[in-house]
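Here's the structure we're looking at; comments come further down.
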Amino acid sequence: MNKYYIKTEDWEKIYTFLKTRIDIRVGNERKTRAFAEAVYFIMRTGAQWRELPPYYGKWRSVHKRFEAWACKDGTGEPGL
């Protein structure tokens, strides 16, 4: 992915925070950033998940990861 909407200095803070969370898997920084950028795209545009541009990854995979992260509060419901 060539263009990022999340500023590099902001991303560094976000990623540092995410690495401290034991209840989510961040693994590869590049893939985690692409995921964060994809979620930001959806929030910013109001688009449906199916409209996610392919350079963010497969829309269903991104959505599944979003649901897994959003449901960490124990309610089983997404946080949005």
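The values are calculated or read from the model by the stated rules, or taken from the named source; none is laboratory data. Computed from a predicted model, the values in this text were never measured in an experiment. When we count neighbours, we look across all protein chains shown, and the Cβ atoms used for this are built from the backbone with ideal geometry, even at glycine.
Search the stretch 1-29 for residues that are among the charged types (D, E, K, R) and pair each with any residue that is outside any loop (DSSP other than H, G, I, E, B) and at pLDDT 85 or above when their beta-carbon atoms are under 8 Å apart and the residues are at least 6 apart or on different chains.
Here the result reads 29/15, each pair linking the stretch 1-29 to a residue that is outside any loop (DSSP other than H, G, I, E, B) and at pLDDT 85 or above.
Scan the stretch 43-70 for residues that are farther than 16 Å from residue 3 by Cβ and out of contact with any Pro (no Cβ under 7 Å at 6 or more places or on another chain) and report the count.
18
Looking at 30, 25, 50, 60, can you tell me which residue is assigned to a helix (DSSP H, G or I) and modelled with pLDDT under 95?
30
Mind listing just one residue for me: the one in the stretch 1-22 that is hydrophobic (A, V, I, L, M, F, W, C) and not in a helix (DSSP H, G or I) and, of those, farthest from residue 66 (Cα to Cα)?
Ranking the qualifying residues of the stretch 1-22, first place goes to 1.
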